[in-house]
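**Student:** Right, I'll just put the structure down here and ask away after.
The values are calculated or read from the model by the stated rules, or taken from the named source; none is laboratory data. Because the structure is a prediction, the values reported are computed rather than measured. Here the Cβ positions follow ideal geometry from the backbone for every residue, glycine too, while neighbour counts run over all protein chains shown.
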Amino acid sequence: MPGKLKAKIVAGRHLPVMDRASDLTDAFVEVKFGNTTYKTDVYPKSLNPQWNSEWFKFEVDDEDLQDEPLQITVLDHDTYSANDAIGKVYIDIDPLLCSEAATVISGWLPIYDTIHGIRGEINVLVKVDLFNDLNRFRQSSCGVKFFCTTSIPRCYRAIMVHGFVEELVVNEDPEYQWIDRIRTPRASNEARQRLIFLMSGELQRKIGLKVLEMGGNAVVGYLQCFDLEGESGLVVRAIGTACTLEKISTLPSTATHQSNSSPSKDMKEPVFGEEVPGIPLSSGPPTPLRAQTFSSFSPSKSYSRQSSSSDTELSLTPKTGMGSGGSAGKEAGPLKALLRQQTQSALEQREYPFFTLTSFPSGFLLHVGGVVSARSVKLLDRIHNPALGNTRSYKLLDWNSFTADEPETRDAWWEEIRQEIKSHAKALGCHAVVGYSESTSICEEVCILSASGTAAILSSRFMQDGPLDTEHRLSRQPLVFSTGSERVEGDMGSSASLGFEEVVPPGCGFCHIPYDELNIPFPAQLTYCYSCRRSKVPDVLFTTIDLPADANITGKGCLIQARLCRTKKKAQGEGNATAISNLLPFLEYELHTQLMNKLKLRGMNALFGLRIQISVGETMLLGLASATGVYLTALPGPGGIQIAGKTPSDITYEQHISNMQKKINDTIAKNKDLYEINPPEVVEEIIGSPIPEPRQRSRLFRSQSESSDEVSELDLSHGKKDAFVLEIDDTDAVEDIHALLTDSPTPQGFYSCNTEIMPGIQNWTSAIQMFTSVRVFRLNNANLTNQGLNKIFSDLCENLLKSLYFKLRSMVPCCLCHLNFTVAIPEDELIQVAVTAVAMSFDKEQILENGKQSGEKTLTKAITENDEQLQFNLELNPESSHANPLSSPKGLSEVGSHPSARAPSVDYSSFADRCSSWIEQLRLKAHTIRRGSVKTTSSMEKASPLPEGRSRSLRSNRSYSGTSVAVVKMTPLSFIPGAKIIKYLGIINMFFIRETTSLREEGGVSGFLHSFIAEVFAMVRAHVAALGGNAVVSYSMKECVFMENPNKNQAQCLINVSGDAVIFVRESELEAASVQPQSTTHTSNGGEGT
Amino acid sequence: MSVELDVFVGNTTIMDKEVYQLWLNGYTVNDAVKVRIEGGVMEECEASADVLLSDTMDQYRTFQMCERLLHHPAKLANQLLFQIPPDRQAMLIERYYAFDDLFVREVLGKKLSKGTKKDLDDVSAKTGVSLKSCRRQFDNFKRVFKVVEELKGPLVENIRQHFLLPDQLARDYAAIVFFANNRFETGKKKLLYLTFQDFAFCAGQLINHWTLGAVDSMMEDMDVDLDKEFLQDLKDLKILITDKDLLDQHKSLVCTALRGKTSVFNEMEANFKNLSRGLVNIAAKLINAKDVRDFFIDLVEKFIEPCRSDKWTSIDMNLFLTHYTNSAHILDTFKHHAVWTRYMGVIKSCILRMYHD
């Protein structure tokens, strides 16, 4: 029901001169919400008008409150001609709708015009009176809190993590409406800005509704994106993780108490106990539910993709099982076992066990399987919308003339991808995907949809119901088949039945493989964990999440990037889509190889925060993979890189090879030094993978063998451990080596990473500097080879990094954190790279004064808020959601049967050609593995509690410098060093368009973009300040679309930014108070042993 | 293959002092890069020339965008576009309004008009200060002049408040404005040996003692113009040279006091009447705007040059002026003590300041 929105226009300042004659302006203001408009009086002849208006009141539905922005337009009154617009301010009033966020918006906000940029400022006051709405069927979701932060926000505690929420809305893009031909650019831009405001509001409201339905009160890791599909429309989509959060008000002694008691309880409770809460979901309803879900996407499509990928990968039981899920259930599936599995998967499809979080409350993340990703190439014919029923006032496109026979929707596209991700996760023995994200790249009518995440096993503690529940139940079934057959299986079974409340060692537990080592979905080298020696760990681990706070690492981390450029022929429509999908697997494969090489070159064995971006242009594809490499103490050290020539003919050649080898070895040694990687000497205990039957392994190999695989297989046998051989006869390999050796090291005093914080650095000072840098590179000569392009692209990135280091040299020693690269191909021959990151200084002396700090135990959690993280109200809900994947031979045979079953349904126009997943790539390469372990043993690890008081020592190390009040800090991280976030004021989600027809006068493209980005920053800061905040955390620039036409002296740019507005206070007086609970929680944590 | 677009924007605007100075000095981007390379910043930071070029361009762009704000320094503090820490803001303003003594010497006392601005290329060629920098400095003078011209109250304080300048710089600007307003002649050959700081010092003296504001800071009028009434009264001092008795008496008093205390006593004694006439005539003529302009040239011609040719030291000068001033008060028939003190106080410090090579 309704609410009352009140706005008061106080004053303006620095207005532009609108009347040349008097050099003054007669300004007045229009305040518009929905369809109601109010006006202030004209304040004549002033550049600093004082309107001091009455309170304008809007009585509106809360649904509108959520969707609509308050629109303030400043105009210059003109007696004889039309009034001239000076500019506008859009105010998102969502933060005012939540009692825990801001209560009033008050302050100076920049007046923005899409043609002229910022033109003065206006001082406004906005308030909302909300009446309580008890209507169960309401369409609004006021009060649901949104956070961009991909971890549990600092001053909250998670009561429950409900799971994945997603939504998308589509509309016609005003820029492509017929009316655009006759209206001014300004009108068109404003229509677009307003539409996107509306659409994001609506999206947020709808997601909020879903959250309420799930019983949650917040969305964490909210990621909203725009797809500007051009002619075919505009898609706004969002994903997030629904949670029930509770504000931490006082010292939560109860939490401590509970956490102490929980382990025992968890242990005792029978596995099946969890069925009770799970009932409504697991029993009756799923079938109808499933039917619903499926109706919205075409099964045939999933087939076509599967078939394309299946010729390279054979053995992924779960994947195929999953992918075929619904459709097979409908169409075929004579086998009973098959049917059963399909039912299971259908159940699981009810919802996605995805989490957009990248860091987790302590004890939540049990094991990590590895990166899963899926891509799909689509043709943007038309938008056909959503089964989700779009009821908003703006009209949807109606394309039914074309699409009658093909109910293709964006929802279905994503659904398909998510299914694939889910199945990949399952293949890795994982029941959940964390650090999940989705993205698109569009060029003309081709769109690549990508999703990626990290397969993981989570503790059920924060999830009382939902998919995991179901899945667990189901996954037990295969166990029945397998138990007894093998010892290990038996182990697994028992561990599963114990629930995973069983203790996982904090520092290494997440590395333990979650899958069954006898049925590894890909060849892997397993060893016993180097920390606890109890469970198996992979030799390499790739993830998309942040390094867990309690992970044991050696030395420091660093940014690792793989860059790749591939030419492609110009093509249209289907042909183009096919060409792209054919290229994608190679692109991914090479990116992966590069990452591996670079990782090894740095002497590291794990990647965190992996983000792979594939961008498509008319004549090329760009791939950029960024991640933060670290040396996980629990994993074996990486082998070296060996170079081999295929044709050891003459001596000079040998010489050449040995020179290169030497160079590489030197670099590795240097890097080890640089990153302080000196793992404790461990008795070499090559366990290898105890996979007993080498037969199986080789079979896996061959099944997808490509020429290069033979090589890697060879090395495995000849080198020690996983020595890595590069064939330099192969031009690709030569290139690889070049790329390896040309990556210049970071200058003295600098570190860089793309995760929240730098593994191995803790004592941050309060000096932070967030920045955005954009470069566009023009390739002048059209006929470039792949190698040439690669070099150019790689140099572009390297040079950009070098420039950043140079710019920020005054902050040394410092670390560039959360380095987020986005690449785009704005037009033929142009490559655009945008980086947003934060530079943070730290104290050189790494003081680990606390004696309990064990040698290599490095704490990555530099920040303060450890305490909150640990103070979870633990759910005593001991369901174990061990997914026991596929395993049995039966599974394999199923796989075999699937491709054929699918073949006939291959279908066409969707170009669902899906680029195969990471897993597939992994399997291509023998040496790339990741996992965690299902097999965790007893509670021994209790004995290694986190060192208490470590945070305390961190704190005292930190130095705090004063800040001035007016300053608004911005950071892509979820925290501010040396400060404590005391309040979240709401989400900032802003979209701006800037256009110019006098590009040269504004300093060319650089001048234009420079001032636009500065303006965007300014507007973000101003809105945060108006909410009463002094910082934006988890800030990101999600979109920066730049188009130019220098000949016409024109340019246009769209920028979308988001973040969380917060109030922080410098830690000082807070200090004393927080130390106390910290030690208690640590203890409890230790006891819990999670 | 070329970098088409290259920008870097920090939440806190990053500004390199060195580059800022190069920009202020009117270096082109390429020249600035050269200077920076020579300065060794590359070795320091393991950077390449490309990096340096990119950084320099970026900074130049930032400065250009800031320039608009620097024209109204008060805006810099409450603008939203750039987040600049207060100390940085102060640095930006101070350096933006800093000027070259060589340059200011050229335009000091000239009308801050378009005509003068047109001649800046000559000034630039003469002083070696780049034209761009000359223009900036000139525009600064003009801007400050325009703003304070209309304002009431103490000149220095007004400048400090409106342009947020540090004290010394505000005083210098006060001098520039004062000179421009009164159009003092400073460009004659005989005056060339004087530095801007000499003139600034003198301007300070004049502002503090000879303007209306000097008498009553709350006065409606401002500091920019000399106190007309006082100038009028100065005519009365003429009696010191027109009345022969008074002149002789004055001379003998001074001579008595100085005998044996100075090595140039004889020259002084011989020249006393000329010197005294010079000083008093300057006073008497100041009521005419034209003669105000020639104030400094007169001081030099009528007083400083004769003394210099007699090889007076500054100590001699100080002694003489002290006794010359004081003795007048002892004269029986001389009644204008206040005016005399006000006049001679300034004259004495000006001459002492100006008496060098």
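**Student:** So which of A:Glu618, A:Glu654, A:Glu588 is charged (D, E, K, R) and crowded, with 23+ Cβ neighbours inside 10 Å? First the steps, then the outcome.
**Tutor:** Values: A:Glu618 fails: crowded, with 23+ Cβ neighbours inside 10 Å; A:Glu654 fails: crowded, with 23+ Cβ neighbours inside 10 Å.
Sole residue among the options that is charged (D, E, K, R) and crowded, with 23+ Cβ neighbours inside 10 Å: A:Glu588.
**Student:** I would also like to ask the following. Since B:His336 meets every condition but one in (1) surrounded by 13 or more Cβ atoms within 10 Å (Cβ to Cβ); (2) under 26 Å from the mean Cα position of the chain (by Cα), which condition does it not meet?
**Tutor:** (2)
**Student:** Let me ask something else. Collect the residues in region A:949-980 that are assigned to a strand (DSSP E or B), at pLDDT below 90 and not small (Gly, Ala, Ser), keeping them in residue-number order.
**Tutor:** Selection gives A:Lys980 alone.
**Student:** Only one of these is assigned to a loop (DSSP other than H, G, I, E, B) and not aliphatic (A, V, I, L, M): B:Trp340, B:Trp312. Name it.
**Tutor:** Step by step, each of B:Trp340, B:Trp312 is checked, and only B:Trp312 is assigned to a loop (DSSP other than H, G, I, E, B) and not aliphatic (A, V, I, L, M).
**Student:** Can you find a residue in region A:576-596 that is within 30 Å of A:Glu517 (Cβ to Cβ), free of Cβ contacts under 8 Å to residues at least 12 places away in the same chain and not hydrophobic (A, V, I, L, M, F, W, C)?
**Tutor:** No: region A:576-596 contains no residue that is within 30 Å of A:Glu517 (Cβ to Cβ), free of Cβ contacts under 8 Å to residues at least 12 places away in the same chain and not hydrophobic (A, V, I, L, M, F, W, C).
**Student:** Another question about this same structure. Which residue, of A:Leu212, A:Leu223, is modelled with pLDDT of 90 or more and surrounded by fewer than 23 Cβ atoms within 10 Å (Cβ to Cβ)?
**Tutor:** From the options A:Leu212, A:Leu223, the qualifying one is A:Leu223.
**Student:** In region A:428-461, which residues are among the small types (Gly, Ala, Ser) and touching a helix residue (DSSP H, G or I) at 6+ places or on another chain (Cβ under 7 Å)?
**Tutor:** A:Ala432, A:Ala451, A:Gly453, A:Ala455, A:Ser460
**Student:** Could you say which residue among B:Lys114, B:Lys75 is among the basic types (Lys, Arg), at pLDDT below 90 and under 30 Å from A:Lys807 (Cα atoms)?
**Tutor:** None of the other options fit; the residue is B:Lys75.
**Student:** Sort through A:Asn790, A:Asn786, A:Asn820 and tell me the only one that's closer than 22 Å to A:Leu973 by Cβ and either crowded, with 20+ Cβ neighbours inside 10 Å or more than 10 Å from chain B (Cβ to nearest Cβ) (or both).
**Tutor:** The conditions single out A:Asn820.
**Student:** Tally time: how many residues in region A:414-448 are outside any helix (DSSP H, G or I), of a type outside the set (Val, Ile, Thr) and more than 14 Å from the chain's Cα centre (by Cα)?
**Tutor:** Selection size over region A:414-448: 10.
**Student:** May I pose another question? Starting from region A:763-781, keep only residues that are facing chain B (nearest Cβ under 7 Å), then list their pairs with residues that are in a loop (DSSP other than H, G, I, E, B) and hydroxyl-bearing (Ser, Thr, Tyr) whose Cβ atoms are within a distance under 9 Å, requiring at least 6 positions of separation or different chains.
**Tutor:** A:Met770/A:Thr971
**Student:** Any residue that is at pLDDT 80 or above and either among the polar types (S, T, N, Q) or more than 25 Å from A:Tyr1035 (Cβ to Cβ) (or both) - is there at least one of those in region A:130-145?
**Tutor:** No, because not a single residue in region A:130-145 is at pLDDT 80 or above and either among the polar types (S, T, N, Q) or more than 25 Å from A:Tyr1035 (Cβ to Cβ) (or both).
**Student:** Would you check which residues across region B:244-280 are over 12 Å from B:Trp312 (Cβ atoms) and either outside any helix (DSSP H, G or I) or not assigned by the TED database to the domain that holds B:Trp312 (or both) and list them?
**Tutor:** Residues satisfying the conditions are B:Arg259, B:Gly260, B:Lys261.
**Student:** Further question: Quick check on region A:726-747. Is at least one of its residues more than 14 Å from chain B (Cβ to nearest Cβ) and either in contact with a Pro (Cβ under 9 Å, 6 or more places away or on another chain) or at pLDDT 80 or above (or both)?
**Tutor:** Among the residues of region A:726-747, not one is more than 14 Å from chain B (Cβ to nearest Cβ) and either in contact with a Pro (Cβ under 9 Å, 6 or more places away or on another chain) or at pLDDT 80 or above (or both), which makes the answer no.
**Student:** Name every residue in region B:63-89 that is within 30 Å of the chain's Cα centre (by Cα) and under 15 Å from A:Gly1007 (Cα atoms), in order of residue number.
**Tutor:** Residues satisfying the conditions are B:Phe63, B:Gln64, B:Met65, B:Cys66, B:Glu67, B:Arg68.
**Student:** Suppose we filter A:Val10, A:Val31 for residues that are assigned to a strand (DSSP E or B), under 40 Å from the mean Cα position of the chain (by Cα) and not aromatic (Phe, Trp, Tyr); which single one remains? Working first, answer last.
**Tutor:** On the way: A:Val10 fails: under 40 Å from the mean Cα position of the chain (by Cα).
Answer to the selection: A:Val31.
**Student:** Report the residue count in region A:794-804 for those that are away from chain B (no Cβ under 11 Å) and surrounded by 23 or more Cβ atoms within 10 Å (Cβ to Cβ).
**Tutor:** The qualifying residues number 0.
**Student:** Give me the pairs, please: first residue somewhere in region A:802-826 and of a type in the set (S, T, N, Q), second residue anywhere and outside any strand (DSSP E or B), beta-carbon distance under 6 Å, and either six or more positions apart or on two chains.
**Tutor:** Filtered contacts from region A:802-826: A:Ser803/B:Val51; A:Ser803/B:Ser54.
**Student:** Can you tell me which residue among A:Asn48, A:Asn52 is modelled with pLDDT of 90 or more and more than 29 Å from A:Leu97 (Cα to Cα)?
**Tutor:** A:Asn48
**Student:** Additional query: Quick check: is even one residue across region B:23-37 buried (at least 22 other Cβ atoms within 10 Å of the Cβ) and among the polar types (S, T, N, Q)?
**Tutor:** For region B:23-37, residues buried (at least 22 other Cβ atoms within 10 Å of the Cβ) and among the polar types (S, T, N, Q): absent.
**Student:** With the requirement that a residue be free of Cβ contacts under 8 Å to residues at least 60 places away in the same chain and among the hydroxyl-bearing types (Ser, Thr, Tyr), what does region B:327-357 give you?
**Tutor:** B:Thr341, B:Tyr355
**Student:** Inside region A:47-121, counting only strands (runs of 3 or more DSSP E) that do not spill past its ends, which hold 2 or more residues that are among the hydrophobic types (A, V, I, L, M, F, W, C) and under 29 Å from A:Glu995 (Cα atoms)?
**Tutor:** Answer list for region A:47-121: A:70-76, A:84-91, A:105-113.
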